[in-house]
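This report refers to the structure that appears directly beneath it.
What follows is calculated from the coordinates using simple rules that are stated; it is not laboratory data. Quick caveat, the model's predicted, so the values are computed rather than measured. Ideal geometry is used to build each Cβ from the backbone, glycine not excepted, and the neighbour counts take in all protein chains shown.
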Amino acid sequence: MSIENDLHLISDFDKNYCLQVFAPLPVAFVKGKGSYLYDTDGNKYLDMIGGIAVNSLGHANPKLTGAIARQAKELIHCSNYYYIPQRSELAYRLCRASFADKAFFCNSGAEANEAAIKLARGYFSHKGEDKYEIITAEKSFHGRTYGSMSATGQEKFSKPFNPIVPGFKYVPYNDFDAIKTAVGPKTAAIMLELIQGESGVNPADEEYIKAVKKLCTEKNILLIFDEVQTGIGRTGKMFCYQNYGVAPDIMTLAKGLGGGVPIGAMLCTDEAATGFQVGDHGSTFGGNPLACAAGIAVMEYFGEANLLDNVTLVSGVLFEKLNKLKSKYGCIKTVRGMGLLIGIEFDETVIASGLREELFRAGFLVSAIGRSVIRIAPPLVITKSQAIQFVRALDGLLSTRNGGRPNPFFKAFNNLGRKETPAMKAIVEQKPATEETKPALPAPEDSELD
Ligand SMILES: Cc1ncc(COP(=O)(O)O)c(C=O)c1O
């Protein structure tokens with residue numbers, strides 16, 4: 001008996017034994033190919049969110065899976081006690097493609113930001129200067145660990161976990177006067193996303209970023225760009241800062257870098273790198289051969305497949321077609337973003353989470369941010385015709401004015417969850433399925449209450 005093809009069984013395990021911090025849609029994916037995902041019943045979905053901007057090369061990309069399989073057969077992990085060829089090569093590739101001189105590897109975006117925050121403080125501390133304050137933006141998102149959560153300018157993420165790490169100041173985004181006023185003698189760094197992805201896909205203005213850079217240079221402040229979501233080709237350039245013509249001192253990456261294999265990176269100039277001396281920072285898993293082999297395959301694929309050109313092409317089509325929908329339907333307020341990171345903001349007549357469910361039922365995966373924004377961040381290999389398919393589906397849903405209606409089935413499903421059923425025991429005891437262990441619940445279609 002296998003858990004893999006039985007959604008109700010999967011959900012029973014999950015609800016009883018996984019910490020319930022997510023609110024998943026009633027679906028489990030067991031296979032992917034290119035821009036498509038397949039669920040336990042073999043249904044096909046066009047993945048317009050790409051694992052939240054992670055699956056840069058799409059699903060089951062042969063270049064990536066080949067590199068991972070080859071590396072796994074040779075050496076998965078050995079520790080940073082030793083030189084690691086894949087780590088060295090990936091660091092070189094990233095530095096060569098960016099402003100940076102040095103790279104540090106970890107396992108996630110939050111960890112990359114932890115490294116950036118520590119580096120900025122270490123930089124001044126090693127120089128004997130008492131500068132530790134870090135200015136970040138309101139509505140920013142930098143991660144869930146204590147440092148990155150404290151850097152995040154949204155109280156809702158940290159309120160239950162106070163006190164947060166001291167030394168952070170938050171200012172309104174895209175407001176240069178506010179940032180200038182906040183700077184003081186203790187300011188060590190300014191840390192910004194170039195597009196605030198998690199709060200609704202809000203891009204920074206070019207003049208703002210240029211003015212912030214100038215301020216940092218004048219006041220001897222380190223500039224950190226959090227490119228966890230925008231880096232690795234997502235916006236049509238390898239790194240989003242290249243759209244602004246402004247290089248930071250420190251940049252953080254994760255998500256798309258491993259194409260789905262967990263990896264994070266902090267890149268910096270040689271000057272900023274003086275903030276860490278041997279022993280100041282580290283990671284057990286960070287930079288291991290497997291994750292770095294994945295990172296190398298991703299970087300190589302950009303050149304081989306002209307991926308940046310594809311991002312620009314498909315992005316152009318999406319912006320054009322979505323803006324046409326905006327003219328057609330008054331409920332779309334704005335279409336914004338860059339490259340293949342796009343937010344569609346609706347007025348109060350559409351509830352984004354409801355529309356996400358409608359799209360899901362039509363075979364399209366997106367994310368909903370807050371009450372009113374649908375975010376799309378598809379694999380960078382998505383084709384023009386797949387993008388058009390998505391816009392047509394959205395058009396269809398908006399034309400029936402059903403978008404935003406909450407679906408009662410989802411609520412019903414989310415209330416299920418049986419503990420220690422015979423079917424669950426059969427899985428761990430590796431027993432074949434019997435009548436007793438088969439799930440008795442109705443299939444999702446039977447419960448739909450439209
Ligand atoms: C801009 C930004 N920074 C940091 C993070 C945290 O990354 P992770 O979830 O890999 O820790 C995210 C995740 O969404 C992000 O969008």
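For Ile3, Ile374, which order do you get if you count the other beta carbons within 10 Å of each Cβ and list the fewest first? All intermediate terms of the calculation are to be shown ahead of the outcome.
Working: Ile3 18, Ile374 26.
So the ranking, lowest neighbour count to highest, is Ile3, Ile374.
What are the extents of the Cα atoms of the range 75-304 along their three principal axes, listed from largest to smallest and rounded to whole Å?
Principal-axis extents of the range 75-304 (Cα, largest first): 51, 37, 37 Å.
Name the residues whose placed amide hydrogens come within less than 5 Å of the amide hydrogen of Glu138, ignoring near sequence neighbours (fewer than 5 apart) on the same chain.
Close amide H contacts, sequence-distant or interchain: Val171, Tyr173.
Hey, if you drop one equal point scatterer on each alpha-carbon of the range 1-48 and run the Debye formula without solvent, what base-10 log of I(q)/I(0) do you get at q = 0.18, 0.23, 0.24, 0.27 Å⁻¹?
-0.61, -0.88, -0.92, -1.03
Over the range 8-88, what is the relative contact order in whole percent, taking alpha-carbon pairs under 8 Å and six or more residues apart?
Working: 50 pairs, mean separation 14.4, N = 81.
Relative contact order here is 18 percent.
In whole angstrom, note down how far apart the Cα centers of the range 1-74 and the range 159-203 are.
34 Å
Compare Gly42, Gly236, Gly363 in a GNM of the chain, Cα atoms joined below 10 Å, and give the one with the largest fluctuation.
Gly42
Based on the alpha-carbon gyration tensor of the range 230-329, what equivalent-ellipsoid semi-axes (square roots of 5 times the eigenvalues) come out, in whole Å, largest first?
Equivalent ellipsoid semi-axes, largest first: 32, 17, 12 Å.
Quick one: Ile376, Ile427, Ile209, fewest Cβ neighbours within 10 Å first, how do they rank?
Details: Ile376 27, Ile427 18, Ile209 24.
With the sparsest Cβ surroundings first, the list reads Ile427, Ile209, Ile376.
Report, to the nearest 10°, how far helix 206-219 tilts away from the longest principal axis of the Cα atoms in the chain, using its own Cα long axis and a range of 0 to 90°.
40 degrees
How would the range 157-280 be classified by its alpha-carbon gyration tensor: rounded, prolate or oblate, with rounded meaning a/c under 1.5 and the a/b versus b/c comparison settling the rest?
In terms of gyration-tensor shape, rounded.
Hey, for a label at Lys15 modelled as a point 7 Å past Cα toward Cβ, could you say which residues of the range 31-64 have their backbone N under 19 Å away?
In the range 31-64, the label zone of Lys15 (backbone N under 19 Å from the point 7 Å along Cα→Cβ) covers 40-41.
Pop a pseudo-label 7 angstrom from the Cα along the beta-carbon direction at both Ser88 and Arg144 and give the gap in nm to one decimal.
Spacing of the two 7 Å Cα→Cβ label points: 3.6 nm.
Nearest 10 degrees, 0 to 90: what angle lies between the long axis of helix 289-304 and the longest principal axis of the chain (Cα atoms)?
90 degrees
What is the spin-label model distance, in nm, from Arg361 to Lys219 if the labels are put 7 Å beyond Cα along the C-beta direction?
Result: 5.1 nm between the two label points.
If one computes P(r) from the Cα atoms of the range 31-172, what percent of pairs lie at distances over 17 Å?
75 percent
Enter the mean projected area of the convex hull around the alpha-carbon atoms of the range 309-352, in nm², rounded to one decimal.
With the hull built on Cα positions only, its mean projection is 2.9 nm².
Classify the chain as rounded, prolate or oblate, taking a ≥ b ≥ c as the square roots of the eigenvalues of its Cα gyration tensor: rounded when a/c is under 1.5, otherwise prolate if a/b is larger than b/c and oblate if not.
Here the chain falls in the prolate category.
Using Cβ contacts closer than 10 Å as the measure, can you line up His281, His59, His142 from fewest to most?
His281, His59, His142
Just grab the label-to-label distance for Ala72 and His126, each label 7 Å out from Cα along the Cβ direction, in nm (one decimal).
3.7 nm
Where in the range 1-104 are there chymotrypsin sites (Phe, Trp or Tyr not before Pro) that are in a DSSP coil and have at most 14 other Cβ atoms within 10 angstrom of their Cβ?
Phe22, Tyr81, Tyr82, Tyr83
Rounded to the nearest 10 degrees, what's the angle between the helix 85-96 long axis and the longest principal axis of the chain, both from Cα atoms, 0 to 90?
70 degrees
Let me have the relative contact order for the range 75-304, percent, based on Cα pairs under 8 Å that are six or more residues apart. Provide the component values of the computation, followed by the final result.
On the way: 459 pairs, mean separation 70.5, N = 230.
The normalised contact order for the range 75-304 reaches 31 percent.
Looking at the chain as a GNM with Cα springs under 10 Å, which of Leu253, Leu75, Leu119 has the largest mean-square fluctuation?
Between Leu253, Leu75, Leu119, it is Leu75 that shows the largest mean-square fluctuation.
What length, rounded to one decimal in nm, is gained on full extension from Ala60 through to Ile388, with 0.36 nm per residue of separation minus their alpha-carbon distance?
115.8 nm
Which residue, Thr181, Thr152, Thr284, has the most motion in a Gaussian network model of the chain that connects Cα atoms within less than 10 Å?
Thr181
Give, in whole angstrom and from largest to smallest, the semi-axes √(5λ) of the equivalent ellipsoid of the range 1-93, with λ running over the eigenvalues of the Cα gyration tensor.
31, 18, 14
Which whole-number percent gives the relative contact order of the chain, counting Cα pairs below 8 Å spaced six or more residues apart?
Values: 890 pairs, mean separation 99.4, N = 450.
22 percent.
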